[in-house]
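Down below is the structure, laid out as structure tokens.
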Amino acid sequence: MIDILFALALAMPAPPVEAPAAAATAAVECPAPRMVQPRYPVKEARANKTGLVLVGARFDDCGRVTETRVDKSSGITAFDESALASVAAYVLSPGQREKARDGWIQAPVKFGGFRTVVPVSIPWPRSHRRPMYIKDDEPFPFESIQAFQAAAPDSGDKVYKPPYAMGRDPEIGLIHTSLVPDARDPSVFWFRYTVQPPRPASPTAPPPENIRVGVARYRLVEEQGVPVVRLAILCERSADECQRLEAFLFEGLPFAKARRR
């Protein structure tokens, strides 16, 4: 945000006096209003659990949420945490901000009800339950993660169970993973590695957005009668973190551990 201050001089016999800074006009570009769909916790979704969380939120002049609190809990910690993370990324419209009382608005976040989200198993073939993992000699088809997201080769209307449980790193934040089949080729799967950075210490600082920092392509083939997963990785983190991610992925998936050579 760039503030442009205009100093006003008063024409008087006495030495010029500057006008108060409050009379300055600031050019501010505010983001468009948005609401972020909460992440449905997999354990609760599988159990068909539902809930409603009332989240209190404070906001800045642009409507960006700067602070959240649970005004009414759902009684399920996972729902409460997911609702807080969702509302923290909101940008409120002028109409929503008009409803504020003492600087706070209340946002209801509902889980389940009209539609129950039940994650399904990843359709990984039995033929590749104990494959060899080999670095793919075919180039990764996207130059960047942004290009991957724009192409959305893994788009679909199903929610799949994540291959790994959600992790938490004190420096990196929350770590989410997903593995979904290609929209066209059933022998190709896409792995997504997403980081939710820690919230800033300052309550007035805008909450960070989730960052997709790694994508991998699993290409299932058979070579000389042996099931093989050709693995190609695109990572946009530090070299050290990318090396650790690569070593981890080449150990194999929980349901398809790497075969010893």
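Just so you know, all these numbers are worked out from the coordinates, no wet-lab data involved. These numbers come from a predicted model, not from an experiment. Don't worry about glycine lacking a Cβ; one is built from the backbone with ideal geometry, like all the others, and counts go over all protein chains shown.
Which one of GLY225, GLY173, VAL213 has its Cα pushed farthest toward the positive end of the charge dipole of the stretch 166-261, where Lys and Arg give +1 and Asp and Glu give -1 at the Cβ? It is GLY225, whose Cα lies furthest towards the positive end. Note down the relative contact order for the stretch 148-261 as a percent, whole number, built from C-alpha pairs under 8 angstrom at least six residues apart. Computed over the stretch 148-261, the figure is 16 percent. Bridgeable lysines around LYS72 (alpha carbons under 30 Å apart, same-chain partners fewer than 8 residues away excluded): LYS43, LYS49, LYS99, LYS110, LYS161. Taken about its Cα centre, the stretch 172-261 carries a charge dipole of roughly 200 debye when the Cβ of each Lys and Arg holds +1 and the Cβ of each Asp and Glu holds -1.
Normalising by the residue count of the stretch 79-172, find the relative contact order in percent from Cα pairs under 8 Å and 6+ residues apart. Mind showing how you got there, number by number?
Values: 22 pairs, mean separation 30.5, N = 94.
Reported as a whole number, the value is 32 percent.
Taking the centroid of alpha carbons for each part, the stretch 237-251 and the stretch 115-186 are 16 Å apart. Take the Cα of GLU138, step 7 Å toward its Cβ, do the same at MET166, and the gap between the two points is 3.4 nm.
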